[in-house]
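Heads up: the structure comes next, in structure tokens.
Each reported figure results from applying straightforward, stated rules to the coordinates on display, with no laboratory input. All figures in this text were calculated on a predicted structure; none of them were measured in a lab. Neighbour counts run over all protein chains shown; Cβ positions are idealised from the backbone, glycine included.
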Amino acid sequence: MKNSYVRLGGILFLIAAISAGVLAFLNDSTKDLIAKNEAMAATSPEVLESVMPGSVMFNDYADAALVETIKSENGKFVNLQTAVDASNNELGYVVRTFSTVAGYGGDMELFVGISPEGKITGVNVVSHSETSGLGSRTTEPSFTSQFAGKDATAEITDFDAITGATKSSKSFLSAVNNAISIYDQYLK
Amino acid sequence: MNKLDIFKNGITKENPILVQQVGMCATLAVTTSLLNGIGMGIAVIAVLTGSNIVISLLRKFIPDEVRIPAFVIIIAAFTTIVDLLMHAYTFALYQALGVFIPLIVVNCLILARAEAFAFKNGVVDSIIDGLGMGAGYLVAMILLSSVREFLGNGTLFGINVLPASYEPMMIAIQPPGAFIILGLLIGLVNYLSRRKKA
């Protein structure tokens with residue numbers, strides 16, 4: 001009887017070990033490619049254009065110490081970059097931040113473009129876990145475009161939420177407002 | 001049972017969603033739009049056929065007493081393999097379907113086919129069973145998701161098919177609407193299949 005337990009456990013162990021081995025190998029051989037894909041998708045030309053029209057690249061912000069300061073003081077802040085056009089002219093700031101109010105599936109992560117004059121140039125969702133078909137509509141231009149042109153000097157309070165996805169819309173707004181408060185506090 | 005019967009069985013007599021009603025959680029959750037429904041259907045066909053092959057090949061090696069944990073390990077491994085490969089090599093496809101891949105692990109349809117078919121039949125039959133069941137799943141997903149997107153959003157594949165004056169029936173794409181529409185669909189299928197018999 002005892003022997004059969006050892007045999008069963010052994011076979012199960014063998015299956016698990018082989019599966020783990022295959023997955024470990026595969027994970028190792030694909031992880032670089034996956035990281036590259038993700039990085040490229042996050043700053044594809046469409047994303048750049050929607051966040052800061054005319055930009056071709058997001059560069060790291062020159063004052064790295066300031067970025068560190070913001071990081072330590074604002075828990076939802078991810079990164080601050082400078083958008084540049086084809087001839088390397090600086091077009092404005094790009095704040096990458098999570099929302100401060102959770103949506104239906106947790107925090108949403110956004111790029112918020114802000115011009116040197118303090119106007120929002122565009123917003124793009126980097127990642128979210130909202131319900132597909134409902135909350136996910138906050139990622140569509142018909143919703144995000146309403147923020148372009150708004151003042152980044154004061155918190156936005158009135159906006160058109162998506163019907164049936166109020167929670168996701170509010171989460172989205174809180175991320176935009178977090179970017180605004182970062183701009184007001186550190187960049188203005 | 002000949003090969004064609006095995007294939008057709010999954011689409012009609014034992015349709016996983018409309019007749020067997022297995023794997024409901026993922027079905028109800030993702031059918032908010034036609035694109036989602038088709039994506040999930042295709043992902044299920046891939047993993048179901050793959051896991052059927054592996055389990056059928058190993059059916060003499062896996063002892064009866066530990067078959068369920070063995071199935072779970074194999075299905076989970078297979079799902080992760082598909083996830084990693086798509087993420088690395090077909091990134092555009094992954095962006096559209098990526099969210100559904102991990103959901104496949106909890107789809108009991110795959111476990112049910114491993115237990116009921118692949119563990120008792122040869123490799124070729126298991127492949128056909130996987131494709132047939134997967135096709136049945138896909139057909140049901142298309143039906144359910146197109147009705148839900150049409151009523152709940154007035155669109156199909158995200159394109160407006162109804163005049164702008166149409167007020168979307170929000171409940172159709174919310175979770176309660178999924179139950180209601182699925183129930184109506186199953187009722188319709190039962191009605192048609194009974195009438196055919198009579």
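What's the longest bit of chain A with no exposed GluC sites (Glu not before Pro), using DSSP loop states and at most 15 other Cβ atoms within 10 Å as the test? Write out the running numbers ahead of the final one.
Details: sites that count: A:117, A:155.
In short, A:1-116.
Over the whole of B:167-175, what's the average partner chain Cβ count within 10 Å per residue? Rounded to a whole number, please.
Rounded to a whole number, the mean comes out at 2.
Average partner chain C-beta neighbours within 10 Å, per residue of A:11-19?
Across the residues of A:11-19, the mean count of other-chain Cβ atoms within 10 Å is 5.
Under the Kirkwood approximation for Rh and a Cα-based Rg, what ratio Rg/Rh is obtained for region B:3-141?
0.96
Test of the criteria: in region B:42-71, which trypsin sites (Lys or Arg not before Pro) are in a DSSP loop and have at most 16 other Cβ atoms within 10 angstrom of their Cβ?
Taking region B:42-71 and a limit of 16 other Cβ atoms within 10 Å, the loop trypsin sites (Lys or Arg not before Pro) found are B:60.
List the extent of the Cα atoms of the protein assembly as shown along each of their three principal axes, largest first, rounded to whole Å.
The Cα atoms of the protein assembly as shown stretch 74, 56, 37 Å along the principal axes, largest first.
Going by C-beta contacts inside 10 Å, put A:128, B:87 in order with the fewest on the left.
Ascending Cβ contact count within 10 Å gives the list B:87, A:128.
Taking θ = phi - 60°, what integer Hz values does the Karplus form 6.51 cos²θ - 1.76 cosθ + 1.60 yield along region A:93-108, in sequence order, with x for Gly and Pro?
9, 10, 9, 9, 8, 8, 6, 8, 10, 5, x, 6, x, x, 6, 9
Could you work out the relative contact order of chain B? I mean the mean sequence separation of Cα pairs under 8 Å and 6+ apart, divided by the number of residues, in percent. Walk me through the intermediate numbers first.
Values: 255 pairs, mean separation 70.3, N = 198.
Over chain B, the number comes to 36 percent.
In Å and on Cα atoms, what radius of gyration and Dmax does region A:45-187 show?
My reading of the Cα-based Rg and Dmax gives 14.2, 44 Å.
Residue separation times 0.36 nm, minus the C-alpha to C-alpha distance between residue A:150 and residue A:7: what's the value?
Details: separation 143, 0.36 × 143 = 51.48 nm, distance 6.87 nm.
The span from residue A:150 to residue A:7 would gain 44.6 nm if fully extended.
Would you mind checking which residues have amide H under 5 Å from residue A:57's amide H? H placed 1.01 Å from N; only 5 or more apart, or other chain.
A:84
Could you go through region A:145-156 in sequence order and give the Karplus-derived ³J(HN,Hα) for each residue, using 6.51 cos²θ - 1.76 cosθ + 1.60 with θ = phi - 60°, rounded to whole Hz, and x for Gly and Pro?
Result, ordered by residue: 5, 5, 8, 4, x, 6, 5, 9, 9, 9, 4, 7 Hz.
Specify which residue in the list A:33, A:19, A:44 is farthest towards the positive end of the charge dipole of region A:9-95, using unit charges on the beta carbon of Lys, Arg (+1) and Asp, Glu (-1), about the Cα centre.
The listed residue farthest towards the positive side: A:19.
Just to verify a number: FRET efficiency for residue A:41 and residue B:85, C-beta to C-beta distance, R0 = 25 Å, to 0.05?
Step by step, r from the Cβ atoms, then E = 0.90.
With an 8 Å cut-off on Cα pairs and a minimum separation of 6 or more residues, tell me the relative contact order of chain A in percent.
17 percent
Can you pull the one-decimal nm distance between simple spin-label points at residue B:29 and residue B:61, each 7 Å off the Cα toward Cβ?
Roughly 3.1 nm, to one decimal.
To make sure I understand the rule: partners must be lysines, Cα under 21 Å from the Cα of residue B:120, and not fewer than 8 residues away in the same chain. Which ones qualify?
Residue B:120 reaches B:3, B:8, B:13, B:60.
Give the distance, in whole Å, between the Cα centre of region A:59-106 and the Cα centre of region B:130-198.
Answer, in whole Å: 43.
Just tell me how shielded B:64-75 is by partners: mean number of partner chain Cβ atoms within 10 Å of each residue's Cβ, no decimals.
3
Considering every pair of different Cα atoms, what Kirkwood radius, in Å, is found for region A:1-42?
In region A:1-42 this quantity evaluates to 12.7 Å.
Report the Cα-based extents of region B:83-193 along its three principal axes, largest first, to the nearest Å.
That works out to 55, 43, 21 Å along the principal axes.
Using R₀ = 30 Å, calculate the FRET efficiency as 1/(1 + (r/R₀)^6) where r is the Cβ-Cβ separation of residue A:79 and residue A:29; round to 0.05.
With a Förster radius of 30 Å, E is 0.55.
Tell me, B:94, B:191, B:137, A:61 in order of fewest to most beta-carbon neighbours within 10 Å? Please list the in-between numbers first.
Working: B:94 21, B:191 10, B:137 28, A:61 17.
Least crowded to most crowded, the residues run B:191, A:61, B:94, B:137.
Give the residue list of chymotrypsin sites (Phe, Trp or Tyr not before Pro) in region B:41-90 that are DSSP loop and have at most 11 other beta-carbon atoms within 10 angstrom.
Numbers: sites: B:61, B:71, B:78, B:89; in loops: B:61.
Passing sites in region B:41-90 are B:61.
Please list, in chain and number order, the residues 5+ apart from residue A:121 or on another chain whose amide H is under 5 Å from its amide H, with Hs placed from the backbone.
HN-HN under 5 Å from residue A:121: A:113, A:114, A:115, A:149.
Just to be sure I follow the rule: in chain A, considering lysines 8 or more places apart or on different chains, how many pairs have Cα atoms under 29 Å apart?
22
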